[in-house]
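Trainee: Would you mind keeping the following structure in view while I ask a few things?
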Amino acid sequence: MNRRAFLGTAGSVAVAVGLAGCGESSGDTGDHDIGMTARKFDPASVEVPVGTTVVWKNTSSHAHTVTAYEDAIPDGADYWATGEFDGQSAAESGWLDGNEGALYQDDTYEHTFETPGIHDYFCVPHETGGMVGSVVVTEDAETDS
């Protein structure tokens, strides 16, 4: 085999190996509904019936939060966030004051959704990078389980 052909083949294999795991999924299929990769929630949106407990798991090595947008949860819904803060500004301040509410690698957070509607949320340190998600709670949602 000539050297150029060999190097071209070796380079293709290296690229294929290097790209392995770069898809949409974190590859972690553990006991959770939503994974947290380096810069996104996976999946970004889920639909569940009322009364469902959703579990987030940090599947990356970066610290993350799960923080509801206070003005983007249905009327009558209790506020929810890692760190059990009473509101969005408290959750954001908690993060800035010492990473309060942080989930580290393999940590989980769960919340039971009792109010129908769209519950939008974000990761405090990675919101500007687009790490946002939503839980759509319906009376008769089809679940993936």
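The values are calculated or read from the model by the stated rules, or taken from the named source; none is laboratory data. Treat the numbers as computed from the prediction; the structure is a model and nothing was measured. With ideal geometry, Cβ positions are generated from the backbone for all residues, glycine too; neighbour counts draw on all protein chains shown. Ligands, DNA and RNA are stripped out before the accessible areas are found, and what is left, the full protein with its side chains, is counted by its heavy atoms. Shrake-Rupley method; radii C 1.70, N 1.55, O 1.52, S 1.80 Å.
Trainee: Condition first: over 20 Å from Tyr104 (Cβ atoms) and β-branched (Val, Ile, Thr). Can you find one or more residues in the range 61-73 that meet it?
Mentor: yes
Trainee: Against the definition (at pLDDT below 95, part of a loop (DSSP other than H, G, I, E, B), open to solvent by less than 70 Å² (accessible area, probe 1.4 Å) and out of contact with any Leu (no Cβ under 7 Å at 6 or more places or on another chain)), how does Gly30 come out, yes or no?
Mentor: yes
Trainee: Oh, and also: Just give me the residues in the range 27-67 being on the phi > 0 side of the Ramachandran plot and in contact with a Phe, Trp or Tyr (Cβ under 9 Å, 6 or more places away or on another chain), in sequence order. Outline the logic, then answer.
Mentor: Step one: list which residues in the range 27-67 are on the phi > 0 side of the Ramachandran plot, which gives 27, 51.
Once the filter is applied, which keeps residues that are on the phi > 0 side of the Ramachandran plot and in contact with a Phe, Trp or Tyr (Cβ under 9 Å, 6 or more places away or on another chain), the range 27-67 yields only Gly51.
Trainee: Could you tell me which numbered condition Asp86 fails, if it satisfies all but one of (1) without any contact (Cβ under 8 Å) to a residue 60 or more places away in the chain; (2) of a type in the set (Asp, Glu); (3) more than 14 Å from Tyr69 (Cα to Cα)?
Mentor: Here Asp86 clears every test but (3).
Trainee: Then there's this: Taking the condition hydroxyl-bearing (Ser, Thr, Tyr) and either touching a strand residue (DSSP E or B) at 6+ places or on another chain (Cβ under 6 Å) or open to solvent by less than 40 Å² (accessible area, probe 1.4 Å) (or both), does Thr65 pass? Even if it seems obvious, please write down each step before you answer.
Mentor: Numbers: hydroxyl-bearing (Ser, Thr, Tyr): yes; either touching a strand residue (DSSP E or B) at 6+ places or on another chain (Cβ under 6 Å) or open to solvent by less than 40 Å² (accessible area, probe 1.4 Å) (or both): yes.
Considered against the rule, which asks whether it is hydroxyl-bearing (Ser, Thr, Tyr) and either touching a strand residue (DSSP E or B) at 6+ places or on another chain (Cβ under 6 Å) or open to solvent by less than 40 Å² (accessible area, probe 1.4 Å) (or both), Thr65 comes out as yes.
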